């Protein structure tokens with residue numbers, strides 16, 4: 001069948017202007033014994049309409065013909081207009097429940113209910129089972145600006161949702177203050193719910209920085225918003241062999257002096273955060289700490305942190321050891337700082 005075969009629509013139902021003398025509603029129950037020859041939904045046109053008048057028959061009523069054609073074309077017109085109907089408890093009971101695949105309009109704008117079973121009798125608008133809301137668009141991305149406080153997001157968004165729905169995504173620009181603890185959010189005054197990490201845990205301080213754009217996803221199972229892009233915190237700890245050392249230069253000096261006390265040449269170390277091209281030789285007796293305390297390109301690419309390269313040779317062309325991490329220790333990330341701090345000290 002082709003779209004070109006689409007028939008003309010009913011811009012008006014049959015008998016729209018007929019006077020009451022020429023049209024009547026068709027009753028559900030039989031009219032036999034009540035009004036001889038009258039039609040009903042139960043009988044259609046009764047047997048008397050099929051008998052000759054000379055044999056006691058009764059001609060069909062024109063009002064009945066107009067009445068049934070009007071009822072049929074009224075529904076055709078509704079469907080031509082793309083209309084859906086809301087849940088009707090009486091109608092549902094009369095037919096034994098809605099069938100699988102039935103579509104009903106919700107009482108809230110934008111909600112369309114799809115029946116997932118046959119003989120479906122519960123009311124979907126009051127939480128009845130076996131109905132899915134396919135009218136809400138969970139993938140719609142809505143954008144707005146926070147006008148709340150440090151830990152309370154209050155925002156109006158575009159497009160405007162009529163209700164929260166599972167999977168909705170909101171991009172909200174935070175007001176000019178970092179969060180300092182657990183957060184809640186209220187979009188379009190639809191209700192306040194917790195804002196949590198993806199694992200469901202509460203946010204901690206500075207996970208949503210001031211004026212930053214946060215991506216929230218609504219989770220109907222937990223009635224909460226998940227923050228999909230929290231600020232990352234990483235800590236830097238440095239290991240020389242099996243020993244941990246702090247970032248204080250005093251402790252570094254002690255480590256280097258330990259090499260001297262053991263009768264070995266005092267090595268120089270250079271922290272590399274951006275690959276081998278940044279490695280350079282330093283004369284023995286100097287300790288250079290250039291720590292890329294952020295997530296550098298090398299870290300993102302290799303999931304590694306700062307390499308510590310031990311050098312005890314005179315100045316010359318730099319070469320990375322074959323296994324610098326295993327042979328001379330490596331820096332491991334577990335804390336975040338976005339500072340780059342060069343520092344060199346002599347001994």
Inset, instruction - Residues being under 28 Å from residue 12 (Cβ atoms) and assigned to a loop (DSSP other than H, G, I, E, B): count how many of those fall in region 50-78. - result: 3
Inset, instruction - Answer yes or no: is there a residue in region 121-135 that is surrounded by fewer than 16 Cβ atoms within 10 Å (Cβ to Cβ) and over 30 Å from residue 102 (Cβ atoms). - result: no
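Which one of these is loosely packed, with under 11 Cβ neighbours inside 10 Å and more than 42 Å from the chain's Cα centre (by Cα): 82, 56?
The conditions single out 56.
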Inset, instruction - Evaluate the following for residue 101: is it part of a loop (DSSP other than H, G, I, E, B), under 23 Å from the mean Cα position of the chain (by Cα) and in contact (Cβ under 8 Å) with a residue 12 or more places away in the chain? - result: no
Inset, instruction - Report yes if residue 66 is within 37 Å of the chain's Cα centre (by Cα), in contact (Cβ under 8 Å) with a residue 40 or more places away in the chain and farther than 21 Å from residue 132 by Cα, otherwise no. - result: no
Inset, instruction - Run residue 108 past the list (1) outside any loop (DSSP other than H, G, I, E, B); (2) in contact (Cβ under 8 Å) with a residue 24 or more places away in the chain; (3) more than 30 Å from residue 39 (Cα to Cα) and report the number of the one that doesn't hold. - result: (1)
Legend entry - Residues of region 1-49 that turn out to be without any contact (Cβ under 8 Å) to a residue 24 or more places away in the chain and either exposed (fewer than 11 other Cβ atoms within 10 Å of the Cβ) or assigned to a loop (DSSP other than H, G, I, E, B) (or both), as a count: 26
Inset, instruction - Looking only at region 30-82, count how many residues are under 22 Å from residue 20 (Cβ atoms) and touching a strand residue (DSSP E or B) at 6+ places or on another chain (Cβ under 6 Å). - result: 1
Legend entry - region 1-45, residues that are more than 17 Å from residue 77 (Cα to Cα) and within 47 Å of the chain's Cα centre (by Cα): 1, 2, 3, 4, 5
Inset, instruction - Determine, yes or no, whether residue 118 is part of a loop (DSSP other than H, G, I, E, B), surrounded by fewer than 16 Cβ atoms within 10 Å (Cβ to Cβ) and at pLDDT 95 or above. - result: yes
Inset, instruction - May I ask you to verify whether residue 153 is assigned to a strand (DSSP E or B), in the same structural domain as residue 192 (by TED's automatic domain parsing), within 19 Å of residue 220 (Cα to Cα) and at pLDDT 90 or above? - result: yes
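The values are calculated or read from the model by the stated rules, or taken from the named source; none is laboratory data. Values in this document were obtained by computation on a predicted structure and should not be read as measured data. All Cβ positions, even for glycine, are placed from backbone atoms using ideal geometry, and neighbour counts span all protein chains on display.
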